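The values are calculated or read from the model by the stated rules, or taken from the named source; none is laboratory data. Since the model is a prediction, treat every value here as computed from it, not as a measurement. Cβ: placed from backbone, ideal geometry, glycine included. Neighbour counts: every protein chain shown. Surface accessibility is based on the protein's heavy atoms, side chains included, excluding ligands, DNA and RNA. Shrake-Rupley method; radii C 1.70, N 1.55, O 1.52, S 1.80 Å.
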Amino acid sequence: MRFDPFTPQAIADPYPQYHRLRESEPVHWTDKLRAWVLLRHDDVTAFFRDDTHLSSDRSKATKFKGPALPEGVRLRTVSSDPPAHTPVRAMLNACLGPRVRTVAPRVDALVAVLLDRIESAVGRVVERAELRGTVDLIDALAYPLPINVIAELLDVPEHDRAQFRESSQRVARGMDRFYSGGDASRGLQEMGAYFLGLVQERRDGNGDDLVRRLLGAQHDGDTLNDLEVVAMCTALVFGGHETTVNLIGNGVLALLRHPEQLDHLYRQPALIDTAVEEMLRFDSPAQLISRTATTDFEWRDQTIRAGDAVLACLGAANRDPEAFAAPDRFDVARDPNPHLAFGLGTHFCPGAQLSRLEARAAIAALLRRFPRLQLAGAPVRRSTAVLRGLEHLPVRVSA
């Protein structure tokens, strides 16, 4: 069989295709993507831990078509390879961790505001009886929550936040083209231009927002230049927003499609931590992660050449029966749960802590406020394969 994650069937449910390919050809060359695809849990684990043969720097790929930096310009990012990656990641961790702890109480407050709005909206009289008590949970909760949390971390004015949502959606649509997505480039450029102005404005100012923390960060005497701070802020907005939107949307949909698990979580709300981990495993927000081979090497008797793109299929790895008992069963109490939704090793997702925090707060509060939550229509999937999420999730929050 040939791997094609872009068919309507695969967008709706990619897991049967993953299962067949994982069994028949777990290291698979796809002409459609011009890349190797890894589908087994042990292979994807090794992929994330291999800094010797694989690079996360997209510009090293043979098929990369992006612009080159001007000569003499230094730009280290969280996607750089070691050793350039090491001080950048250390400075990000030192700045982000304390700010996440500070913003945690605000997450609960932001969730409460959004749920109040939902309650108010569904209480309005509508002409069509079948729409009474219904709301699109993506538009009402999953999208606004993470963009507002990230904006508060960065102290972005509220009137600028809608721009981030639009740019972030543009990047997400372009991700499926991997190395040459025009939409992705435009979205990143839009966010980059905004943050460049913000960085220049705040370099000499006082405050405790994440932008100023990054501007003042040091690691063994090293500091970040303006472009590196811009790149880090841009990555946080896109990564932190898209991952959490998809986690909340996919997670709530999984609960609604498995009413016995929804009831289990209602009865034992302390399971919210393991429930969120299961949501990350069962329908991972990111399905494909790319690396570039830096040298020729063998993988399961396949020869991978320097410059080849290598894709880790997280959705397949997280349903591998060699790693998970009954992998296609959704179980909010699953433990242990060695999923790979946030990666591993050097490039483990820096926003994982924040994404988990938001999902736990949002889903737990949603179920407390609306204990009779139900699907109110057919969910609409986004037509993207790299990032798996929902465009619309109609739910009924009152009888």
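Table for the structure above
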| read-out | value |
| --- | --- |
| Residues located in segment 48-71, provided they are modelled with pLDDT of 90 or more and acidic (Asp, Glu) | Asp50, Asp51 |
| Whichever residue in segment 364-399 is among the basic types (Lys, Arg) and closer than 17 Å to Asp116 by Cα and, among such residues, is least open to solvent (accessible area, probe 1.4 Å) | Arg396 |
| Check on Gln353, surrounded by fewer than 20 Cβ atoms within 10 Å (Cβ to Cβ) and under 30 Å from Ser59 (Cβ atoms) | yes |
| Strands (runs of 3 or more DSSP E) completely within segment 290-399 that count 1 or more residues being under 21 Å from Val149 (Cβ atoms) | 390-392 |
| Matching residues, segment 303-318, being within 25 Å of the chain's Cα centre (by Cα) and open to solvent by less than 20 Å² (accessible area, probe 1.4 Å) | Ala309, Val310, Leu311, Ala312, Cys313, Leu314, Gly315, Ala316, Ala317, Asn318 |
| Phe342 open to solvent by 10 Å² or more (accessible area, probe 1.4 Å) and touching a Cys at 6+ places or on another chain (Cβ under 6 Å) | yes |
| Flag for Ser59 being without any contact (Cβ under 8 Å) to a residue 40 or more places away in the chain, among the hydroxyl-bearing types (Ser, Thr, Tyr) and over 30 Å from Leu227 (Cβ atoms) | no |
| Residues of segment 204-250 satisfying the condition of being under 19 Å from Thr102 (Cα atoms) and not in a loop (DSSP other than H, G, I, E, B) | Leu210, Val211, Arg212, Arg213, Leu214, Leu215, Cys233, Leu236, Val237, Gly240, His241, Thr244 |
| Flag if Ala275 is out of contact with any helix residue (DSSP H, G or I) (no Cβ under 8 Å at 6 or more places or on another chain) and modelled with pLDDT of 95 or more | no |
| Pairs where the first residue, in segment 205-229, is without any contact (Cβ under 8 Å) to a residue 60 or more places away in the chain and the second is surrounded by fewer than 14 Cβ atoms within 10 Å (Cβ to Cβ) and of a type outside the set (A, V, I, L, M), C-beta under 6 Å, 6+ apart | Leu215/Arg203 |
| Residue count, segment 132-163 (criterion: open to solvent by less than 20 Å² (accessible area, probe 1.4 Å) and either β-branched (Val, Ile, Thr) or under 15 Å from the mean Cα position of the chain (by Cα) (or both)) | 9 |
| Residue within segment 252-269 that is in contact with a helix residue (DSSP H, G or I) (Cβ under 9 Å, 6 or more places away or on another chain), open to solvent by 20 Å² or more (accessible area, probe 1.4 Å) and closer than 16 Å to Ala361 by Cβ present | yes |
| Some residue of segment 221-230 being under 17 Å from Asn93 (Cβ atoms), among the charged types (D, E, K, R), open to solvent by less than 10 Å² (accessible area, probe 1.4 Å) and in contact with a Ser or Thr (Cβ under 8 Å, 6 or more places away or on another chain) | yes |
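Let's see how each residue does on (1) of a type in the set (Gly, Ala, Ser); (2) under 23 Å from the mean Cα position of the chain (by Cα); (3) open to solvent by less than 60 Å² (accessible area, probe 1.4 Å); (4) at pLDDT below 75:
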{"position": "Asp183", "(1), (2), (3), (4)": "no, yes, yes, yes"}
{"position": "Gln189", "(1), (2), (3), (4)": "no, yes, no, no"}
{"position": "Val199", "(1), (2), (3), (4)": "no, no, yes, no"}
{"position": "Arg202", "(1), (2), (3), (4)": "no, no, yes, no"}
{"position": "Leu215", "(1), (2), (3), (4)": "no, no, yes, no"}
{"position": "Cys233", "(1), (2), (3), (4)": "no, yes, yes, no"}
{"position": "Gly240", "(1), (2), (3), (4)": "yes, yes, yes, no"}
